[in-house]
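Engineer: Questions regarding the structure given below will be posed in turn.
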Amino acid sequence: MSIVTVQLGQCGNQIGFEVFDALFNDSHCSRGLCSKRENEAYQASCKERFFSEEENGVPVARAVLVDMEPKVINQTLSKAACSGRWKYGQHSCFCQKQGSGNNWAYGYSVHGPRHEESIMNLIRKEVEKCESLSGFFIIMSMAGGTGSGLGAFVTQNLQDQYSSALKMNQIIWPYGTGEVIVQNYNSILTLSHLYRSSDALLVHENDAVHKICVKLMNIKQVSFCDINQVLAHQLGSVFQPTYSGEGLFHYRRNPLGDLMENLVPHPEFKMLGVRNIPQMSENSLAYSTFTWAGLLKHLRQMLISNAKMEEGIDWQVRPPLSGLPPLGKMSVNKETHFNTSIANLVILRGKDVQSADVGAFKDPALYTSWLEPVHAFSVWKTQRAFRKYEKSAALVSNSQSLVKPLDMIVGKAWNMFASRAYLHQYTKFGIEEEDFLDSFTLLEQVIASYCNL
């Protein structure tokens, strides 16, 4: 089954390019550490999901590119074409001459309705090329105007027009120090609207990815390109093919459906995060060896201590032991807190993968009391290595890990709203104070639900 990717705004288009490039390079990598036949099956499965074949043999990304300014889309198209390995479709882009000025309301209320027909037509044409549609993968940021405002509008339209197709939004959480003065307003409006129209939100925090670039990849001057490549690596490690079951050697057909089924058991809880191990520079990798036991031990501790990377894990955090008095419900201000999960999916790729023991992830103490580990935990495997790593593991988690950043963004937005700062920029495009209050109410409920796990 195929996934149609919708790349929105500067951020969405730049990340989208890196994702397709990572997927293509990995599926055509000769270091897959598996038989030729198995490698060909892996390639075919990746292609079915993300690429369609052109007549001249060059794969074309199953994607629609949308931005309100032409510069980034033109750069993205040309980078893909210059690679000579894959490209975007000739008629898969929509851009205008005027951006959204970092204003969510302008993207949502002006650009959205004005260009709805053109954008939805492009998406429809892409869907028609799919033999079977798994769903939509929508890449966007929360801080600006086009990705966030237009992204929320397009997602709502997809929900209306393709209600039975799954929608996963990959959203970039802004730097805490701020890129845009109104980013907290834009973020709460984006999140609250997506919570109503999307099936799952896969969140990456800029601050966390930046740290990975500095500490694990040893990059001195971190650029957005570096950050996007780390994101693309993490997304590739989730979306590339895996076997459909223990002991079965054919690949899953419905990646989005399988992800949702395993990770979103209730519509109140749809915020997902990704962790990867190992992640390092080429130079460090040459001197490193890994065991499944070591990788999984670190990955489990990253989960329960809410660490985004293996460096600096807090090994003091432990699951609450049965028989001891409970520590009480989560407080958003607690510094070191055990990170309770609703659902976890571990994805293992590489050598001797069948010998990897994931029993530690089945501990009931890791999960909320209303889900048995048998329903809350899944593992996907393939012997085919991912990119340059002989063994690698990814963890997609629906847990309390985003409560603190969400609470901070809601708090900052509320402080601005209480003093009525910048509200006129939104009300003049039809987003009223009532809309803000609805967003605050919905997100406060989300925070409360996750805190009470």
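The values are calculated or read from the model by the stated rules, or taken from the named source; none is laboratory data. No experiment lies behind these values; they were computed from the predicted model shown. Every residue, glycine among them, receives a Cβ derived from its backbone with ideal geometry; neighbour counts consider all protein chains shown. These area figures cover heavy atoms from the full protein model, side chains too; ligands, DNA and RNA do not enter into them. Shrake-Rupley method; radii C 1.70, N 1.55, O 1.52, S 1.80 Å.
Engineer: May I ask you to list the lysines whose Cα is less than 18 Å away from that of Lys388, ignoring any residue fewer than eight positions away on the same chain?
Structural biologist: Lys36, Lys351
Engineer: Taking 8 Å as the Cα distance limit and 6 or more residues as the minimum spacing, I'd like the relative contact order of the chain as a percentage.
Structural biologist: Relative contact order for the chain comes out at 17 percent.
Engineer: Okay, moving on. Got a sec? What order do Glu433, Glu311 fall in by accessible area at 1.4 Å, biggest, i.e. largest, first?
Structural biologist: I get Glu311, Glu433, largest accessible area first.
Engineer: Kindly write out, for the stretch 277-293 in residue order, the coupling ³J(HN,Hα) from the Karplus curve 6.51 cos²θ - 1.76 cosθ + 1.60 (θ = phi - 60°), rounded to whole Hz, with x marking Gly and Pro.
Structural biologist: For the stretch 277-293, the Karplus curve yields 8, x, 9, 7, 6, 3, 4, 5, 4, 4, 10, 10, 10, 9, 10, 4, 4 Hz.
Engineer: Of Tyr106, Gly411, Leu202, which is farthest on the positive side of the dipole of the chain, counting Cα position, with +1 on Lys and Arg Cβ, -1 on Asp and Glu Cβ, and the Cα centre as origin?
Structural biologist: Leu202
Engineer: How large is the accessible surface per residue of the chain, computed with a 1.4 Å probe and reported in Å² as a whole number?
Structural biologist: Each residue of the chain exposes 42 Å² on average to a 1.4 Å probe.
Engineer: Right, here's the next one. Suppose every K and R has +1 on its Cβ and every D and E has -1 on its Cβ; what is the size of the dipole of the chain about the Cα centre, in Debye to the nearest 20?
Structural biologist: With only Lys, Arg, Asp and Glu charged at Cβ, the dipole is about 940 debye.
Engineer: Dividing the alpha-carbon radius of gyration of the chain by 2.2 N^0.38 Å (N being the number of residues), what value is obtained?
Structural biologist: 0.95
Engineer: Give me the percent of DSSP beta bridges within the chain that run antiparallel, rounded to the nearest 5.
Structural biologist: Looking only at bridges with both residues in the chain, the antiparallel portion is about 35 percent.
Engineer: In the full protein assembly as shown, how much of Thr291 is accessible to a 1.4 Å probe, in Å² to the nearest 10?
Structural biologist: Per-residue accessible area (Thr291): approximately 90 Å².
Engineer: Which aspartates and glutamates have a Cα lying under 12 Å from the Cα of Lys129, excluding residues fewer than 8 positions away in the same chain?
Structural biologist: Reachable aspartates and glutamates: Glu48, Glu53, Glu54.
Engineer: With a 10 Å radius around each residue's Cβ, average the other Cβ atoms per peptide and rank 348-361, 198-211, highest first.
Structural biologist: My ranking of the peptides, most packed first, is 198-211, 348-361.
Engineer: Ignoring ligands, DNA and RNA, how do Met408, Met217, Met302 rank by accessible area with a 1.4 Å probe, largest first?
Structural biologist: Per-residue accessible area, sorted high to low, gives Met408, Met217, Met302.
Engineer: Right, here's the next one. With a 1.4 Å probe and every protein chain kept in, tell me what percent of the accessible surface of the chain is carbon plus sulfur.
Structural biologist: On the chain, the fraction of accessible area on carbon and sulfur atoms equals 51 percent.
Engineer: Arrange the residues Trp315, Trp173, Trp370 by how much accessible surface each exposes, largest first, with a 1.4 angstrom probe.
Structural biologist: Trp370, Trp315, Trp173
Engineer: Let me ask another. With a 1.4 Å probe and every protein chain left in place, tell me how much accessible area Ser284 has, in Å² to the nearest 10.
Structural biologist: Its accessible surface works out to 40 Å², give or take rounding.
Engineer: Oh, and also: Roughly speaking, what % of Cα-Cα pairs in the stretch 406-453 are separated by over 15 Å, rounded to a whole number?
Structural biologist: The proportion of pairs with Cα distances above 15 Å equals 48 percent.
Engineer: Which percent of Cα pairs goes in each bin when the distances of the stretch 118-274 are cut into 10 angstrom slices starting at zero?
Structural biologist: 9, 34, 36, 17, 3, 0
Engineer: Can I ask one more? Per-residue accessible area for Lys79 at 1.4 Å probe radius, Å² rounded to 10?
Structural biologist: We get 100 Å² for Lys79.
Engineer: Something else: Of Ser439, His233, Gly145, which is farthest towards the positive pole of the chain's charge dipole, taken about the Cα centre with +1 and -1 on the beta-carbons of Lys, Arg and Asp, Glu respectively?
Structural biologist: Among Ser439, His233, Gly145, the one farthest towards the positive end of the dipole of the chain is His233.
Engineer: Between the stretch 246-297 and the stretch 397-453, what is the separation of their alpha carbon centroids in Å?
Structural biologist: Result: 30 Å between the Cα centres.
Engineer: Report, in whole Å, the centroid distance computed from the Cα atoms of the stretch 337-391 and the stretch 105-159.
Structural biologist: 33
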